[in-house]
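**Student:** Below you'll find the structure I mean.
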Amino acid sequence: MAPQTSVIHDIGYQRYTGPRLGRWYANRSLYEHSVRSAFGIGRGAKAKIFPWLIIGIVLLVAVVAIAVRSISGTPLMSYRQYAAGLSYPVMLFLAIVAPELVSRDLRDRTLPLYFSRPLARTDYALSKYAALVTAVFLLLGVPQLLMYIGAVFTRTDGFHGAWDELGDFGPGLGAALVRALVLASLSLLIASLTGRRAFAAAFIVGVFLLTSPIVGILSVLGNETVKGLAFLTNPMTLLLGLEQWMFGVEANNRLPIGDFGPVYGLGALILLGGSVGLLLQRYRKVAA
């Protein structure tokens, strides 16, 4: 009989005795990683091209507004007009970033790895949503902050001027936050339906663009009630109506929504709640 040659080697495996950071830390880490991914930070140059191109566009608009005001002393646009006027860059930013945050995980089938940790399915969805809201708010809010600083240094009435300017700056930031909350929820929901980023981006753009003609048709062919409610059919015009109801009418930025302001508030709330609810439901079933 051949001699036994099997040997058991002690290679030093030990139980983990360090701190277990738990679910909260996992949520925070996923949120931070997702915000960085939204701007291509920590990734290759290719991942930075499109997000930073859009960031460059919105910053350029803000710089032009600051320069015009410093030369003429008259604002080129209000803070709310700035947020509203950048609808297309924001739409493109969402079409690029939302699929980057969720579609890649669907395609690469990494969700079971996430869910094998203390991270719950709803935690994953809400962390991604919070990251996209943060990215969109920074995209719209930071240039407005630069515009505010430039306006304060342009004004000659000191503290009172800075305080008056803050009264205009506040609604602008509020409009940016509302846009971030609503548009991020809708875009992330659409992106979560497919693992192909190109398809997700096309669907997101399609939702915004294909509903625009409906607004025009209803505004022309409908009666007064239909005309007042026509802007509900497109996410961007819905938010314009909501901002008009929340913050008041601006001289050159009035929508003919009549007395239907509360309806626009309800519509935005339904869109936000429905999108977040469906997003959570989506991740309760995915990779089951």
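**Student:** From Leu86, Leu60, Leu101, Leu76, which residue is within 18 Å of Leu138 (Cβ to Cβ) and open to solvent by 40 Å² or more (accessible area, probe 1.4 Å)? So that I can check it myself, show each step before the final result.
**Tutor:** Values: Leu86 fails: open to solvent by 40 Å² or more (accessible area, probe 1.4 Å); Leu101 fails: open to solvent by 40 Å² or more (accessible area, probe 1.4 Å); Leu76 fails: within 18 Å of Leu138 (Cβ to Cβ).
Just a single option satisfies the conditions, and that option is Leu60.
**Student:** Starting from the stretch 211-225, keep only residues that are part of a helix (DSSP H, G or I), then list their pairs with residues that are surrounded by 13 or more Cβ atoms within 10 Å (Cβ to Cβ) and of a type outside the set (Val, Ile, Thr) whose Cβ atoms are within a distance under 6 Å, requiring at least 6 positions of separation or different chains.
**Tutor:** Here the result reads Ser212/Asn234; Val215/Ala230; Val215/Phe231; Val215/Asn234; Leu218/Ala230; Ser219/Lys227; Ser219/Ala230, each pair linking the stretch 211-225 to a residue that is surrounded by 13 or more Cβ atoms within 10 Å (Cβ to Cβ) and of a type outside the set (Val, Ile, Thr).
**Student:** Being closer than 19 Å to Ala176 by Cα, surrounded by 15 or more Cβ atoms within 10 Å (Cβ to Cβ) and under 23 Å from the mean Cα position of the chain (by Cα) narrows it down to one residue among Leu242, Leu280; which is it?
**Tutor:** Working: Leu280 fails: closer than 19 Å to Ala176 by Cα.
Going through Leu242, Leu280 in turn, just one is closer than 19 Å to Ala176 by Cα, surrounded by 15 or more Cβ atoms within 10 Å (Cβ to Cβ) and under 23 Å from the mean Cα position of the chain (by Cα): Leu242.
**Student:** Output yes when any residue across the stretch 216-232 is open to solvent by 60 Å² or more (accessible area, probe 1.4 Å) and in contact with a Pro (Cβ under 8 Å, 6 or more places away or on another chain), and no when none is.
**Tutor:** yes
**Student:** Evaluate the following for Val68: is it under 28 Å from Asp168 (Cα atoms), more than 18 Å from the chain's Cα centre (by Cα) and modelled with pLDDT of 85 or more? Steps first, answer last, please.
**Tutor:** Values: under 28 Å from Asp168 (Cα atoms): yes; more than 18 Å from the chain's Cα centre (by Cα): yes; modelled with pLDDT of 85 or more: yes.
Yes; evaluated as a whole, the condition is true for this residue.
**Student:** Let me ask you something else. Name the single residue, out of those in the stretch 168-179 being in contact with a Leu (Cβ under 7 Å, 6 or more places away or on another chain) and not charged (D, E, K, R), that is surrounded by the most Cβ atoms within 10 Å (Cβ to Cβ).
**Tutor:** Looking at residues that are in contact with a Leu (Cβ under 7 Å, 6 or more places away or on another chain) and not charged (D, E, K, R), I get Ala176.
**Student:** Sticking with this structure for a sec: Across the stretch 32-49, what is the total count of residues that are within 17 Å of Leu139 (Cα to Cα) and modelled with pLDDT of 90 or more?
**Tutor:** Number satisfying all stated conditions: 7.
**Student:** What's the total number of residues in the stretch 52-102 that are within 23 Å of Leu239 (Cβ to Cβ) and of a type in the set (Val, Ile, Thr)?
**Tutor:** Summing the residues that are within 23 Å of Leu239 (Cβ to Cβ) and of a type in the set (Val, Ile, Thr) in the stretch 52-102 gives 9.
**Student:** Answer yes if at least one residue in the stretch 155-167 is surrounded by fewer than 17 Cβ atoms within 10 Å (Cβ to Cβ) and in contact with a Gly (Cβ under 8 Å, 6 or more places away or on another chain), and no otherwise. Before the answer, list the steps.
**Tutor:** So in the stretch 155-167, the residues surrounded by fewer than 17 Cβ atoms within 10 Å (Cβ to Cβ) come out as 155-164, 166-167.
Going one step further and asking which of them are in contact with a Gly (Cβ under 8 Å, 6 or more places away or on another chain), we end up with 155.
Yes.
**Student:** Which of the residues that make up the stretch 226-266 are out of contact with any Leu (no Cβ under 6 Å at 6 or more places or on another chain), within 22 Å of Asp168 (Cα to Cα) and not in a helix (DSSP H, G or I)?
**Tutor:** Result: Gly248, Val249, Glu250, Ala251, Asn252, Asn253, Arg254.
**Student:** Among the listed residues Asn253, Asn223, which satisfies the condition of being within 24 Å of the chain's Cα centre (by Cα) and modelled with pLDDT under 85? Write out each step before concluding.
**Tutor:** Details: Asn223 fails: within 24 Å of the chain's Cα centre (by Cα).
Of Asn253, Asn223, the one residue that is within 24 Å of the chain's Cα centre (by Cα) and modelled with pLDDT under 85 is Asn253.
**Student:** Test Ile57 against the stated conditions and say whether it is under 30 Å from Gly241 (Cα atoms), among the aliphatic types (A, V, I, L, M) and without any contact (Cβ under 8 Å) to a residue 40 or more places away in the chain.
**Tutor:** Values: under 30 Å from Gly241 (Cα atoms): yes; among the aliphatic types (A, V, I, L, M): yes; without any contact (Cβ under 8 Å) to a residue 40 or more places away in the chain: yes.
For Ile57, the condition - under 30 Å from Gly241 (Cα atoms), among the aliphatic types (A, V, I, L, M) and without any contact (Cβ under 8 Å) to a residue 40 or more places away in the chain - is met.
The values are calculated or read from the model by the stated rules, or taken from the named source; none is laboratory data. All values reported here derive from a predicted model rather than from experimental measurement. Cβ coordinates were reconstructed from backbone atoms using ideal geometry, including for glycine residues, and neighbour counts include every protein chain displayed. Keep in mind that these areas ignore ligands, DNA and RNA; they rest on the heavy atoms of the full protein, side chains included. Shrake-Rupley method; radii C 1.70, N 1.55, O 1.52, S 1.80 Å.
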